[in-house]
Each structure stands twice: as C-alpha cells, then as structure tokens.
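In what follows, a structure is listed as structure tokens, so that the remarks can point back to it.
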C-alpha cells in the first residue's frame, strides 16, 4: 500500500476497537477542561497552604480540610519537595491539560511519545495521587473535601484518557510484531515517517470494530 | 506556536518575579532571573526561525537548572526559590510542546512520498 492511499487530511478516522477516534478534539477537549478545573481547585488548596487565604473551602468536613492541608504529613511532603503538595498538584493537572491539548487528531500515530507522556501523567500519576489522598485520610485521620473532589476528577481523567493511550500502544505493538525491529519501533515512537509505519497504522485502522 | 507564546509569557513572569517577591536587592536573584528570562525568550524566539526550530528543547535544560537552583540554593527554599521550582516544572512541560502542535508533524503533511 502506498502512502498516497492514506491522505494526510484524512486524520480523523475512527480507530478500532473503537468506533470513534480517541485523538479527536471532541475526545480531548473535555479532558483539558476537566484538568483545568482540577488545577483551579488545587490552586485554591495551594493558596491556603502558602498562607494567602485563611481557610480552605469545605462545606462537608468543616475545619478538617485545614487540618489535612497543614498536617505533619503535608509538611513533611513540603520539606521533601520544597513546594507544597497542592502546588505540585496544580502543575500535574496543568500538565494533563497541556499534554492533552497538544497534537493533531491523529497524534496516536504521528506523536506516540506525546500520547504516552500524557498517559503517564494522567494514568499512573493520577492513580498514585488518588491512593495518597485516600491514605491521607487514614494517616491524618481527617478528610478534605476538595482533595477528594480532585481525586474523583483524577479517576474520570484516567477513564477518559485510557482509549487514546491504548490505541497508541496497540499501534506500537503492531509495528513491533510486524518488524521485530527496535529501529522501526524507535521511528514509530518519535513519529518519523516511512511506508512500513503507514502499513502498520493501516492494519490497525482496518481491524474490526468491537 | 502556542507553546512558544506561553514560554515567553512565563519568561516575563520570571523577569518580574524578583520585584513581586521583594528580592530585587539580592543581585544573584535579580540578575539570575533576568538573564534566565532573556535566555528563555531567545530560545523561544529562535524556534520561530526554521533552521533553529528545535531551539525550544534547550529550554528543558534551563528548566532543570531552575528547579535545581530553586530546590538547593537555600534550604528550606524561600518564596523566590519556590517560584523557581514551580516555573521550572511548568517550563519542563511547555518546552516539550511541538511548534505547530495542532498540525501533524511536517513529515506527515504530504500525501506523496
């Protein structure tokens, strides 16, 4: 198959096993917006930790939020990181939004490095942060409402981001299975172009939709 | 080129930050921030010129340097150095963004081989 049979403008094709394109703007923009919301919430928590505001907003657990955010655990994190953990959270959610926004609707094939970096930011880091938030409740003995909200958002982001990461990894797996060449896999990962990579992508695109 | 625009905006913040944090009397902070901001602007600007379009990747090194400076220069890091850590981590993400990020990479933009 020649490259000409895969027109460059035809970049929004559905990718099996899905009947949609996981890299489409309509799939990615909601992730970016939700990540921005989580970044804004984390900013509020960071402002409290830095002492710019008197209280962290908490309609459910009252003053418990303040105790969590200024707990010994939070302060030891502060000593290790040099900045407050909520500030790191702001950057992580901004990273989700930034890495989610960059790339064309065919970035699962053209920029797998970007999709995988996005996946690492959203999925393992998201799950670790959720585990830490839940553990904090047991270690500190208090709950923080907005921390739980951001943890919930992290889980939604994991769910929304997974299809794109899966498609990108499947594409790289197809490239590896067809060639068993580290060089080819390297080219595929960084989005270099050759005929074989076009054929690998076409193999994925022509699979049956489940 | 939104990645480059955000880098330049971040550099403007970095240049203003010694005055925001009232640390302008410390020449290391004042000149360090101003020169690093200038370096970021130069590298972002060079990315607009096709022969040096990958210059923004060098901002990754600047970002790592900023984080190390902020984290280890004074212990525990005072506000102006916490700012360096935050700005460094932010630049680490932005500097990765390709120039025309919403378009396919140049090699994938033609249908003919």
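The values are calculated or read from the model by the stated rules, or taken from the named source; none is laboratory data. Worth saying up front: this structure is predicted, and the values here are computed from it rather than measured. When we count neighbours, we look across all protein chains shown, and the Cβ atoms used for this are built from the backbone with ideal geometry, even at glycine.
Search segment A:178-204 for residues being out of contact with any helix residue (DSSP H, G or I) (no Cβ under 9 Å at 6 or more places or on another chain) and part of a helix (DSSP H, G or I), and hand back the single one that is farthest from the other protein chains (Cβ to nearest Cβ). Checking each candidate, the answer is A:183. Just one of (1) under 22 Å from residue A:85 (Cβ atoms); (2) within 13 Å of the chain's Cα centre (by Cα) fails for residue B:5. It is (1). Scanning segment B:55-86 for residues that are within 9 Å of another protein chain (Cβ to nearest Cβ) and either farther than 15 Å from residue B:33 by Cα or free of Cβ contacts under 8 Å to residues at least 24 places away in the same chain (or both) turns up B:70, B:71, B:72, B:75, B:76, B:77, B:81, B:82, B:85, B:86. Considering only residues that are under 20 Å from residue A:79 (Cβ atoms) and assigned to a helix (DSSP H, G or I), which ones fall in segment A:34-53? A:42, A:45, A:46, A:47, A:48, A:49, A:50 - these are the residues of segment A:34-53 that are under 20 Å from residue A:79 (Cβ atoms) and assigned to a helix (DSSP H, G or I). Within segment A:102-138, being surrounded by fewer than 20 Cβ atoms within 10 Å (Cβ to Cβ), assigned to a helix (DSSP H, G or I) and modelled with pLDDT of 90 or more holds for A:113, A:116, A:117, A:120, A:123. Taking the criterion of being facing chain A (nearest Cβ under 7 Å), buried (at least 21 other Cβ atoms within 10 Å of the Cβ) and either assigned to a helix (DSSP H, G or I) or at pLDDT below 85 (or both), the residues of segment B:87-113 that qualify are B:89, B:90, B:93, B:94, B:108. Filtering segment B:13-25 to residues that are without any contact (Cβ under 8 Å) to a residue 60 or more places away in the chain and either touching a helix residue (DSSP H, G or I) at 6+ places or on another chain (Cβ under 6 Å) or surrounded by 14 or more Cβ atoms within 10 Å (Cβ to Cβ) (or both) leaves B:15, B:23, B:24.
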